[in-house]
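Structure record follows, encoded as structure tokens.
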Amino acid sequence: MMLDIDVIVVGAGPVGMVAALLAANEGLEVLLLEKSDNRHVQSRAIGITPPSLEILQHIGLTDLLLDKGISVRFVRIHDETRLLCSLDFSQLPDTFPFVLAIPQHRTETLLEEAIARVPSIHLLRGHTVEDVFIQGEQVEVYGGHSQGGRFHFICRCLLGCDGGRSITREALEIPFDGASDSQTFLMGDFEDNGTSGDDACFFLRHAGRWNHFPYPEGSAVMF
């Protein structure tokens with residue numbers, strides 16, 4: 001059977017979009033399949049680590065992200081009444097010695113804008129992958145889209161970037177060695193009164209732990 005595309009990436013979150021951009025950088029034609037019709041805008045990931053910033057530098061996005069986020073160089077850890085200790089990320093031997101605090105929806109916006117500028121990447125939203133088969137040196141992908149139709153694509157390589165409940169992994173019977181987390185977290189965006197500046201803060205209280213990360217424009221994420 002004839003190939004439809006070089007690479008299919010399943011999942012258009014940050015990992016999937018970065019994978020698509022990196023593959024396109026290598027001269028490959030990429031099909032990016034995402035089951036959601038629209039991007040999520042609620043609180044999700046809170047920042048980008050130094051190794052990830054180095055990867056993003058290969059696709060020319062690091063400077064754009066730095067301009068939209070806050071470089072967190074210090075973390076302060078408190079108990080009920082006092083400062084217990086602090087961590088200084090600026091001492092890390094990295095090109096980017098900090099964690100970039102930036103809302104995930106803003107990261108995804110910049111990534112999707114970058115994808116729109118690359119002719120060799122084709123993003124299809126509302127496309128849910130339901131089954132995957134390996135046939136020799138080809139991969140067949142089956143599924144349905146939100147308009148009620150069906151799709152069938154054939155590629156040379158498939159990347160499953162569809163999260164913890166990956167349909168791609170289940171279809172290929174790839175084991176998942178992770179474990180469930182016994183703790184429950186709530187996350188939300190709030191206005192920041194500015195007392196913590198650009199530092200991240202962890203508060204270890206008897207009633208539970210809560211964390212504060214600064215966000216641009218005077219906001220903060222807490223969980």
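Numbers for the structure displayed
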quantity	calculated
For the chain, built as a Gaussian network whose Cα springs stay under 10 Å, the top-fluctuating residue of Asp181, Asp94, Asp131	Asp181
Stretch gain in nm, segment Ile77-Gln42, where the contour uses 0.36 nm per residue and the Cα spacing is subtracted	10.0 nm
Packing-based ranking, highest mean first, of 172-179, 32-39 given that Cβ atoms within 10 Å are counted	32-39, 172-179
DSSP beta bridges in region 1-88 [antiparallel fraction, %, rounded to 5]	55 percent
Value of [θ]222 nm, deg cm²/dmol, for the chain, DSSP H segments ≥ 4, -39500 (n - 2.57) each, nearest 500	-5500 deg cm²/dmol
Listed residues Gln183, Val7, Thr81: farthest to the positive end of the dipole of the chain (Cβ charges)	Thr81
Projected label distance in nm at Tyr142 and Glu191, using a 7 Å step from Cα toward the beta-carbon	5.5 nm
Residues whose placed amide H lies under 5 Å from that of Asp192, excluding near-sequence neighbours	Ser219, Ala220
Computed magnitude of the charge dipole of the chain (debye, nearest 20; Cβ of K, R +1, Cβ of D, E -1)	380 debye
Inter-centroid distance (Cα atoms) of region 180-195 relative to region 1-40, Å	31 Å
Percent of beta bridges antiparallel (DSSP, the chain, rounded to nearest 5)	65 percent
Cα-only Debye scattering, region 24-177: base-10 log of I(q)/I(0) at q = 0.11, 0.13, 0.20 Å⁻¹	-0.61, -0.80, -1.34
Hz values of 3J(HN,Hα) by residue in region 29-41 - Karplus curve (6.51, -1.76, 1.60), Gly and Pro given as x	8, 10, 10, 10, 9, 10, 6, 7, 6, 9, 6, 7, 10
Inter-probe distance in nm under a simple model that places probes 7 Å from Cα toward Cβ, at Glu54 and Arg156	2.8 nm
Whole-Hz ³J(HN,Hα) from phi, Karplus 6.51 cos²θ - 1.76 cosθ + 1.60, for region 124-138, glycine and proline x	10, 8, x, 10, 9, 6, 10, 7, 9, 10, 9, 10, x, 9, 10
FRET efficiency, 1/(1 + (r/R0)^6) with R0 45 Å, evaluated for Ala179 and Asn25 via beta carbons	0.85
Label-zone membership for region 61-91, site Leu204, 7 angstrom Cα→C-beta point, backbone N under 12 Å	77-86
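Quick note: the coordinates plus some simple rules give every number you see, no bench work behind them. Being a predicted model, the structure only gives us computed values, none of them experimental. In this analysis, Cβ positions are derived from the backbone assuming ideal geometry, glycine residues included, and neighbour counts consider all displayed protein chains.
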